[in-house]
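Below is one structure; the comments refer to it alone.
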Amino acid sequence: MSLKECKKEIRSNDMDLKSTALMKLTYLEMFGHDMSWASFNVLEVMSSQKYRHKRTAYLAAVQSFRRDTEVLMLAENQLKKDITSPTPTVISLPLMAIPHVINPSMANSILSDLLPRLTHSHPAIRKKTVVTLYRLALVYPETLRPAWPKIKERLLDEREDPSVTAAIVNVVCELGWRRPQDFLSLAPRLFDLLVEGGNNWMAIKIIKLFATLTPLEPRLIKKLLPPLTKIIKETTAMSLLYECINGIIQGGILDGVEGTAEGEEIARLCVGKLRGMMVIEEDVNLKYVALLAFEKIVQSHPHLVSLHQDVILECIDDADISIRMRALDLVVGMVNSDNLMAIVGRLMRQLRNAPIASSTEDPANDRGRQSGVVPAADSDDSDAEESLRRANQTSNQAPPLPEDYRICVIRRILEMCSRDTYANITDFDWYIDVLVQLVRVSPATKLSPVMVHDELSDFGIPESKGDVSYEIGYELQNIAVRVKSVRREALEAAQSLILVDRRAQMFPTSGNGGQGVLEAVGWMVGEYANLLTQPDGVMTSLLHPSTTQLPSHTLAVYLQAIPKVFAGMAGQDQISWTPERRTLISLLLARIVHFLEPLTTHPSLEVQERAVEYLELMRLAAEAASSTETGTDQSDFIDPPLLLTQAIPALFTGLELNPVAPGAQRKVPLPEDLDLDTPINSNLQYLLQRADLETISDADEDDVYQAYNERPHIHSEAPMTAAERLEVSKSEPSSYQNAAEEEYLDPDILARRKAERRERYKDDPFYIDPERDRDSGVSTPLHNILKSSNGDELDIDSIPIMDLDLESKDRGFSEQRGREESTRATVKRKPRRNFEIMIDETLGLDEPTSSRGSSRPDLVRSSQAKGKKSLLEVDSSGLGSLSLEGDGNSKLDIERREAEEAEMAKALKEVERLRLEMQRAAERIHPKDAPLEGTLVKRKKKKTKTAPIVSAEVAGEVVEGGGEVVTKKKKKKVKTGEEEQADGGPAGAVDEGVVKPKKKKKRRQVLLDEPVATGS
Amino acid sequence: MINAVLVFNNSGQPRLTKFYTQLETSVQQRLISEIFTLVSNRPNSSCNFLPLPPLLASSSKSSTPTTPHNDTPSLVTYRHYATLYFIIISTSTESPLALLDLIQVFVEALDRLFENVCELDLIFNFETLHATLSELIVGGVVVETQLDKVVDGVKAQGRVAKRPVNEGKGALGLGGFGRGDGVWAGR
């Protein structure tokens, strides 16, 4: 309704009404109502003479014009007009609007109007012009070249208004980090400004700029140190203090003065202040920025940060999510093998204990705490401490964890643990337990049907897919593949995850969280089926009716796992083929067939294909099982059908699967004798035809039937060469050997480790002492699983287990414990078990992409995807390539125009001189003809340009009518035609040198014409 | 540099939106509502810095500790005054604590201009609100931090209208907007 009214009003001729309507529209635009249709009306109001109207229109333009607004071209003139207005307030309007609407072509033309404004008598205009020029440079970097000397002049002028200087410093700071080398010359002036002080905002900017300059000019460090120390000691503004410290750290000043007495002092000062921000000040903002500062220095000065590990770890449990996030980012950078377990433990506890956030959290308690605006002080120098004061009220209740935070924590845990191919992990049993626990706390996912469909396309890549549980699964799988010594344990975990009857225990109680892990787990139980302790249970779970409800990519993995597990169960050739065994196997096969049958019509092609393939195989196996006679006598050893013991297992066993580096495939050298062009069999067509005929003639069902069931045939049917089988027989024992190798820990060492562990974890809330457990009668499901599935062969006590019964423990106590533990860990190094971790297989040298975190290809991927531009981002990369010092090749319009004008003037002068000369010469030779023929040729000349043949004709004509001095005249005439400014007066061929490059093309044509003319 | 300045009230209705890059209106609205969800769930005791909203987070900081790009917005600073939230989205070249001071200067300037400013003033004097901001920030770069100069700069543009006394306090939201016509026409 209101919008309609506005539409009517904006079309009226009354400017007041129009402008009011425009303002209403601008207001409504803020609420999301499109006003792009009114862009022309904006222009109309903009051109009004009244300032009030103008102001409304400019605001509307700023708020509503977009890149594709068509009237932008028309607005340009109005902008130029208003920039040159005599009234300062009017000039301000385009100045503040230009940054919002500018595009490269506009930047080019507005620049000439903008530059004089830098010397406007009004400081407000000057400072806004500086900023506007900066925005011009962002869209069209070349504009900075003419603008920069003038801006620099303003900056160096000591009588300049401080506001203008501050604005210039702001701009220089923005420019500075792109090309610091161009701004080194300004250092003395900036240094003076810093020492003079007065404006904290400017001081902060100068310090930030210096932080980028010091790496280029080490001498600056010595100069900067005294004033910075002075500021740190004296300033009342917390923001300035903080930025000083930040600048000192970031600018590498600490390194520069290392070893000197001054250096000691400043290092002590900075670190002390930062720590103070974390603990002494009761200000959460300071805590946040201190973490920010720590995060910046953790890469370059890890030792400085590790000194404050205690306070930083506290922040992981802070009530404020923002602070937690910062601490989390920081912690990922400072993790090492000593503190990894403590840090991960903290995070795990957080995930387990915090309630899951409800998105409709009532913000009511936030409101109305402060009434009215509370002005703190009068100037911007107001003490940060005072102005940032907030009512401090911490709630005792653990804050609910938002889902994305939850996901973030899980990702960070995985990232920390898997860094550098598990360099920090000292105990893989522990890590496996962590992963199993993570599945339990992973948040529910919202998989839309569309997403499921999309996932089909990138099938087989264990990518995040937005669901963090896929990453957990990937980790589990990765460990099973890479760390042979804990493969058994990893399989144990996988088995416990896949068992349907355990599902309630292993996965979150509500929602479908963690289901993504099943994909990797399904692969694991299949690939390492021989390590399963409960293959029957696993098979039952794989064939469970609920399996068909899984996402198609997981289901496909399951389908692949089924025959693998089956091969493991049915493949023993050492056991006699008794009636019991036959019955068991037949039953199993019947179940598999029953499960697979409906899946042959599954909508997902991948699932369908696998189901069809394995269904056929299983049917054959069933046939083989039922047709093979069993021994009647118990003592008699009857060979089980070879299809079961040889053929099917042979499908799935082979060389060990090893991790391969992402770039390795590319590095495989091409065999020299590889020839892909010559056909392998030149008689292919003939062979194919014959094959067709044969199949038709041989289509005898009995034959096929027999071929599958007769024993000798089965051998040849097995898709395996003798050489391959040799490899299999070699590789299998070797894997066993490896597993045994890992058991070299003698009983006494194990016992010691056990005792040590019990001692070490005595107070650890994550560890359940089995003895104590038995007493209390409380046990974790995980514990049960391990106990029941492992039997006695595994050392249960050596596995630290997440305690699920934390409620009884005081939280504060456990936090304290955690801290103590982390400090103790640095003192007492735990004995490291020697894990052999397979690294990615590759050829030749590692490529940079695969060098870091190669165990997590998804990380590599994400860094590659970084090129994407962020929302809201103003891209300043163009400035990076612009050098302010030297003169670039491409010149700006304004410069070019100046140069061109000078050149043109010179050329005109020359032409004029030559014209006169030629005229005189012509008059001397042929006083009458010259003007007449000049016009004639000029007319014909048009044709000359179109086609050379025509020009030949013209030449002929000219020759006919020309007279005696054909060649010479021809030259003159053609030239005359070319000189566009010439009015028929003959100009000589001599002026070729001065003709501007623009006309080059035409001139070449002329030269081409001449031989024709002379030839005819 | 500063990428955006937003002001909205406790129920998420925008009072000022200024984006220093051209952005689709619908995206603007989504960003506002995302930030509002983030900010409204925070207890008063928490710090004044927000984690990046999903719209901004997706393309910037990932888990890899690569050097942060100085062009990407990475900092969301806010302050809460009575019924209003003031938000500044900026890149890492700005100082977080200084931005908090900047918001304070902005609010104090408004307070001086309107004499004990309240949300209603900002609704009826939409233009003055924008004018004040553009005295502080032009094109994402801070041009002035001195309170007096900001106030003088706005006053130089013309008389600042006072809040009509007879308008009640029920004027929050669009209902107030309809009744605001008279005020605009009168100036």
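Yes/no per residue for (1) more than 14 Å from residue A:523 (Cβ to Cβ); (2) of a type in the set (Lys, Arg); (3) assigned to a helix (DSSP H, G or I); (4) at pLDDT below 85:
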site	(1), (2), (3), (4)
A:569	yes, no, yes, yes
A:583	yes, no, yes, no
A:587	yes, no, yes, no
A:603	yes, no, no, no
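What is the one condition in (1) within 20 Å of residue A:525 (Cβ to Cβ); (2) modelled with pLDDT under 90 that residue A:576 does not satisfy? Result: residue A:576 passes all but (1). Just to be sure, is residue B:11 part of a loop (DSSP other than H, G, I, E, B), surrounded by fewer than 23 Cβ atoms within 10 Å (Cβ to Cβ) and at pLDDT 85 or above? Criteria met by residue B:11.
Mind checking which pairs have a first residue in segment A:117-139 that is more than 8 Å from chain B (Cβ to nearest Cβ) and a second that is among the hydrophobic types (A, V, I, L, M, F, W, C) and not in a helix (DSSP H, G or I), Cβ under 7 Å, 6 or more apart or different chains? Listed pairs, sorted by first residue: A:136/A:102; A:138/A:874; A:139/A:102. Here is the figure for segment A:263-303: residues that are without any contact (Cβ under 8 Å) to a residue 40 or more places away in the chain, farther than 21 Å from residue B:46 by Cα and either of a type in the set (A, V, I, L, M) or not assigned by TED's automatic domain parsing to the domain that holds residue A:339 (or both) total 9.
Checking each residue in segment A:597-656 for being among the charged types (D, E, K, R) and closer than 19 Å to residue A:564 by Cβ picks out A:606, A:609, A:610, A:613, A:616, A:619, A:656. In segment A:48-86, the qualifying residues are those that are within 30 Å of residue B:27 (Cβ to Cβ) and among the charged types (D, E, K, R), and the one that is surrounded by the most Cβ atoms within 10 Å (Cβ to Cβ) is A:55.
In segment A:1-47, which helices (runs of 4 or more DSSP H) lie fully inside it and hold 1 or more residues that are of a type outside the set (Asp, Glu) and touching a Gly at 6+ places or on another chain (Cβ under 9 Å)?
Numbers: elements: A:2-10, A:15-30, A:39-46.
Helices (runs of 4 or more DSSP H) meeting the threshold: A:2-10, A:15-30.
For segment A:64-87, the condition of being within 14 Å of another protein chain (Cβ to nearest Cβ) and within 16 Å of residue A:21 (Cα to Cα) holds for at least one residue.
Yes/no matrix, rows are residues, columns are (1) in a helix (DSSP H, G or I); (2) out of contact with any Lys or Arg (no Cβ under 8 Å at 6 or more places or on another chain):
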| residue | (1), (2) |
| --- | --- |
| A:100 | yes, yes |
| A:105 | yes, yes |
| A:108 | yes, yes |
| A:115 | yes, no |
| A:118 | yes, no |
| A:121 | no, yes |
| A:132 | yes, yes |
| A:135 | yes, yes |
| A:138 | yes, yes |
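Taking the conditions exactly as written (polar (S, T, N, Q), in the same structural domain as residue A:438 (by TED's automatic domain parsing), surrounded by 20 or more Cβ atoms within 10 Å (Cβ to Cβ) and within 29 Å of residue A:352 (Cα to Cα)), does residue A:505 satisfy them or not? The answer is no for residue A:505. The criterion of being over 30 Å from residue A:421 (Cα atoms) and either in contact with a Phe, Trp or Tyr (Cβ under 7 Å, 6 or more places away or on another chain) or outside any helix (DSSP H, G or I) (or both) does not hold for residue A:267. Got at least one residue in segment A:674-682 being surrounded by fewer than 11 Cβ atoms within 10 Å (Cβ to Cβ), touching a residue at least 40 places away in the same chain (Cβ under 8 Å) and closer than 30 Å to residue A:839 by Cβ? No, because not a single residue in segment A:674-682 is surrounded by fewer than 11 Cβ atoms within 10 Å (Cβ to Cβ), touching a residue at least 40 places away in the same chain (Cβ under 8 Å) and closer than 30 Å to residue A:839 by Cβ.
The values are calculated or read from the model by the stated rules, or taken from the named source; none is laboratory data. Not measured: the values here are computed from a predicted model. When we count neighbours, we look across all protein chains shown, and the Cβ atoms used for this are built from the backbone with ideal geometry, even at glycine.
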